[in-house]
Amino acid sequence: MRTSQPTTIYLSEYQVPAFLVDHVDLRFELFEDGARVHSVLDIRRNTEAGRDQAALELDGDSLTLERLQLDGRTLGEDEYDNQGERLVIARVPDQFQLTVVTWIEPQNNTRLEGLYKSSGMFCTQCEAEGFRCITYYPDRPDVMARFRTRVEADKHHYPVLLSNGNDVERGDLADGRHFVTWEDPFPKPCYLFALVAGDLTEKRDHYTTQSGRGIDLRMYVEPRNADKCDHAMDSLKRAMRWDEEVYGREYDLDIFMIVAVDDFNMGAMENKGLNIFNSSCVLASPDTATDVAFERIESIVAHEYFHNWSGNRVTCRDWFQLSLKEGFTVFRDSEFSSDMGSATVKRIEDATLLRTAQFAEDAGPMAHPVRPASYMEISNFYTLTIYEKGSEVVRMIRTLLGPELFRKGSDLYFERHDGQAVTTDDFVQAMEDASGRDLGQFRLWYEQAGTPELTVRDDYDAGRQVYSLTIEQRIPDTPGQRNKKPQHIPFGIGLLDSNGKDLSLRLSAGDHSHLTERVLELTGELQTFEFHGLAERPVPSLLRGFSAPVRVFYPWTRDQLMFLMSHDSDGFNRWDAGQRLAVDVISSLVGAPAEAEVEPRLLTAYRHLVSDTELDQALVAKMLQLPSEAYLIELTAEADVQAIHAARNRVLQEVADTLRDELVACYHRNHQSGDYTYNSSAIARRALANTALAWLLHINDEEGRELALRQFKDASHMTDQAGALRALVNSDFEADRDRVLADFFRQWREDPQVVEQWFSVQTASPRCGDLERVRALLEHEAFDWKNPNKVRAVIGAFAGQNLARFHAPDGSGYRFLAQQICRLDDSNPQIAARLVSPLTRWRKFAPQYRDGMKAALETVRDKAGLSRDVYEVVHKSLAEPA
Ligand SMILES: [Zn+2]
């Protein structure tokens with residue numbers, strides 16, 4: 001285990017590597033009781049570093065060193081220093097070959113970093129710093145080397161042996177063992193190294209690139225999952241085609257492989273030519289996966305594939321630059337999903353995640369810029385800020401440049417930096433150079449943390465026929481950062497006349513433009529824009545398409561929001577107006593007496609929506625979702641979770657009671673029997689039918705109950721079966737709930753991904769997921785502490801989604817979570833650190849919650865032998881705000 005005290009690493013202290021590795025020759029001998037790793041490194045002094053006398057320093061973690069040779073000569077123990085996480089050789093020539101032999105124990109590796117065993121197979125996870133758990137190496141992304149890897153194992157138990165690149169040699173060995181040698185022609189940082197050995201079924205397909213090269217596509221899964229590969233394979237081929245068409249990027253090796261692994265800390269990993277996936281992010285069949293899972297899989301397969309260029313061919317110089325690959329690649333996968341389905345719906349989903357969770361991160365103790373300036377444990381920085389806000393930053397660059405110049409910029413970036421490890425600044429520089437635009441102020445998006453707040457005031461001068469918007473920009477203080485400079489913000493806008501039609505946006509008296517949509521560029525603390533030639537006071541449609549990750553404050557009236565909800569030509573803002581109206585109504589009911597009226601205009605708006613068959617049904621389905629409790633909490637200064645939960649439930653109850661007949665009709669109109677089809681209109685209809693069902697069960701409607709029971713029994717695919725299950729679990733029909741839960745488990749007990757859904761549908765439900773049940777599920781035969789997906793499905797879903805139960809007034813939810821974090825910290829610190837997140841923002845809650853949350857954090861802080869991962873999150877959460 002790790003021994004050193006947590007220390008902080010700073011971007012400002014970056015130094016180019018003193019040594020480079022040109023070639024790595026690896027030989028893995030895999031056994032049941034451990035693995036021996038032979039590593040031969042061709043190393044030379046980096047002349048750019050200008051440190052002629054520097055010692056060679058290699059990273060290592062949990063390794064047993066068996067042999068160390070320099071140019072074939074075994075080094076004596078006085079010739080190197082091997083302490084803790086560093087192996088130092090003081091005196092080395094300018095160029096030499098280093099042989100390192102280490103012994104590791106993958107079978108006991110519960111951290112799931114480096115080489116470990118999952119369901120009887122060997123696999124790796126090396127990002128960010130897992131390679132040092134395999135062998136001593138300069139484990140940093142700016143050291144790029146060519147790898148040759150020979151894997152040896154028992155042939156019967158491990159017939160499939162994989163690594164990066166192309167397989168160049170294979171053969172049998174003594175004692176029933178065999179080997180395969182892989183060679184990767186592209187230099188890569190060690191975090192992209194991968195190895196897999198197991199008894200896996202291979203599914204093959206083929207892809208021909210635009211230039212006519214044939215690529216072998218292979219998926220490796222456990223034999224029982226052989227029928228769950230089609231969707232991922234189809235998604236992969238769509239992604240390959242899309243990247244050629246949209247970015248001009250072709251795949252570069254002869255083989256592309258995907259492996260599914262059950263025990264995995266992350267979603268998936270883009271190792272060169274050998275992507276390793278969490279099973280839940282790649283395996284799908286209509287029987288076992290919902291629409292949401294199908295869409296998620298399509299986007300994750302694409303994401304990992306896109307990394308081949310944005311991440312692998314051009315990689316990060318250091319981990320402060322993580323968003324260089326992640327922000328850009330999330331942007332790419334998000335555009336891919338938009339093109340495959342409904343662009344408006346995708347935008348709504350991205351903005352919802354951002355506004356609910358990333359804005360919360362930006363306002364909390366872990367707030368950090370898209371390019372952080374420091375960290376203790378890099379695993380804690382795989383955050384929504386790096387990924388989602390990083391993606392928004394790239395999106396804003398495209399908005400400012402326009403699609404053509406943006407493509408010119410990305411071409412230049414790939415061409416200029418192919419084979420290099422670079423920085424976010426290099427990315428922006430390429431965009432500037434290709435477009436001629438000055439992005440100097442824009443760079444602040446990478447440096448300043450916190451969500452910009454825009455306060456908008458407007459004025460109409462009837463005499464001049466001029467409408468003006470005054471926009472004030474403010475960026476809140478965050479830990480370590482105060483008094484920030486204004487940022488460069490693209491602000492999409494439209495103006496509607498009283499009939500709901502878009503007006504021409506003329507920025508001066510002489511402007512005769514017919515543009516009805518514009519992107520204003522905000523650069524100052526206070527700016528005023530005038531719109532000329534307007535015969536009446538318009539209704540503003542602000543931040544169209546969610547053109548920047550900011551909060552907008554404008555005193556909309558409920559009538560204006562109703563108006564925008566039915567007339568805005570921008571689909572995103574149409575949805576957003578509905579959200580703002582619902583937030584306004586729910587907020588006004590927080591703490592109000594039980595007999596307080598629910599705004600009738602909201603009920604009218606939902607009545608129109610439930611019956612609307614004209615509007616894009618995918619958008620209707622989104623518009624019918626009430627703002628989540630997490631979002632409502634995020635918008636509240638001193639959140640009283642129970643009061644927010646009650647107010648939201650009150651609205652849900654009133655809407656469902658009032659629209660009961662319309663909901664039944666909506667259900668019948670949209671519910672489809674028959675085979676599963678995967679396209680956006682079928683997905684929208686299923687979402688609408690299941691929303692109607694959920695609302696009917698929320699009010700314990702008898703007809704709804706019958707519909708749900710029938711749907712559960714007759715469902716021909718998981719979307720409908722899980723939809724009915726979820727609705728029943730969230731009702732007060734306790735006998736039905738218990739029966740369908742038991743039936744569902746019996747039916748799917750052999751399928752881990754479905755069992756994960758079965759866990760989380762209970763733990764996330766405020767009606768059924770009380771602490772007693774959650775504790776019982778931890779004892780369930782299907783629960784496994786070693787499997788991160790199960791931990792997330794039971795503990796993560798309870799603390800992250802079942803907010804009314806987690807924030808129980810007696811503090812029991814907090815104490816429970818603290819216990820589980822302490823327990824997990826010993827076996828898997830990465831997962832433990834992620835579970836701390838629901839407690840980190842304790843200062844945001846009303847006093848009756850705050851103390852219990854803080855006490856829970858203190859319990860974790862005081863645990864003996866706390867990992868660096870959890871230490872960092874807990875200490876930052878408890879620190880006094882600067
Ligand atoms: Zn990624």
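Computed quantities for the displayed model
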{"item": "Relative frequency of Cα-Cα separations exceeding 24 Å in the range 85-184, percent", "result": "32"}
{"item": "The range 728-823 shape via C-alpha gyration tensor axes, a/c threshold 1.5", "result": "oblate"}
{"item": "Apportionment of accessible area to carbon and sulfur, the range 673-762, percent (1.4 Å)", "result": "46"}
{"item": "Å² of accessible area per residue within the range 514-628, as computed with a 1.4 Å probe and no ligands counted", "result": "42"}
{"item": "Quotient of C-alpha Rg and 2.2 N^0.38 Å, computed over the range 422-484", "result": "1.64"}
{"item": "Pairs beyond 32 Å (Cα-Cα), from Lys622/Lys863; Lys117/Lys844; Lys117/Lys854; Lys485/Lys876; Lys188/Lys622", "result": "Lys622/Lys863; Lys117/Lys844; Lys117/Lys854; Lys188/Lys622"}
{"item": "Pairs of alpha carbons in the chain whose separation is greater than 49 Å (percent)", "result": "21"}
{"item": "For the range 472-537 versus the range 407-461, the gap between their alpha-carbon centres in whole angstrom", "result": "20"}
{"item": "Tensor-based shape of the range 400-517 (alpha-carbon gyration tensor, a/c under 1.5 rounded, otherwise prolate or oblate)", "result": "oblate"}
{"item": "Per-selection Rg to Rh, the range 614-670 - Cα, Kirkwood hydrodynamic radius", "result": "1.08"}
{"item": "Cα centroid separation, the range 226-257 to the range 78-134 (Å)", "result": "32"}
{"item": "Net charge of neighbours whose Cβ lies under 11 Å from the Cβ of Ser285, counting Lys and Arg as +1 and Asp and Glu as -1", "result": "-3"}
{"item": "Nearest-20 debye value, the chain charge dipole, Cβ charges on Lys, Arg, Asp, Glu", "result": "840"}
{"item": "Per residue, in Å², the accessible surface of the range 143-182 once ligands and nucleic acids are set aside, probe 1.4 Å", "result": "43"}
{"item": "Counting all C-alpha pairs of the range 611-758, share separated by more than 18 Å (%)", "result": "61"}
{"item": "Hull shadow area, averaged, the range 137-286 [alpha-carbon convex hull, nm²]", "result": "10.3"}
{"item": "Kirkwood hydrodynamic radius over Cα pairs of the range 529-679, then Stokes diffusion coefficient at 20 °C and 1.002 mPa s, in µm²/s", "result": "124"}
{"item": "Shape of the range 516-568, Cα gyration tensor, a/c cut at 1.5", "result": "oblate"}
{"item": "Label zone at Tyr207 (point 7 Å along Cα-to-Cβ), backbone N below 18 Å, the range 314-334", "result": "314, 329-334"}
{"item": "Calculated over the range 476-579: convex hull of Cα atoms, volume per residue (Å³)", "result": "118"}
{"item": "Aspartates and glutamates whose Cα lies under 18 Å from that of Lys408, excluding same-chain neighbours fewer than 8 positions away", "result": "Asp243, Glu244, Glu245, Glu250, Glu335, Asp418, Asp425, Asp426, Glu432, Asp433, Asp438"}
{"item": "Of the DSSP H helices in the chain, those whose Cα atoms cover at least 20 Å axially and whose Kyte score averages -1.0 or more", "result": "291-306, 322-340, 571-589, 641-658, 680-698, 734-748, 812-827, 847-861"}
{"item": "Around His780: net Lys/Arg minus Asp/Glu count, Cβ-Cβ under 11 Å", "result": "+1"}
{"item": "Total formal charge among the other residues, if their Cβ is under 11 angstrom from that of Leu162, Lys/Arg +1 and Asp/Glu -1", "result": "-1"}
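The values are calculated or read from the model by the stated rules, or taken from the named source; none is laboratory data. Predicted, not measured: the structure shown is a model, and the values here were computed from it. Every residue, glycine as well, gets a Cβ built from its backbone with ideal geometry; the counts of neighbours run over all protein chains shown. In case anyone asks, the SASA skips ligands and DNA or RNA and just uses the protein heavy atoms, side chains included. Shrake-Rupley method; radii C 1.70, N 1.55, O 1.52, S 1.80 Å.
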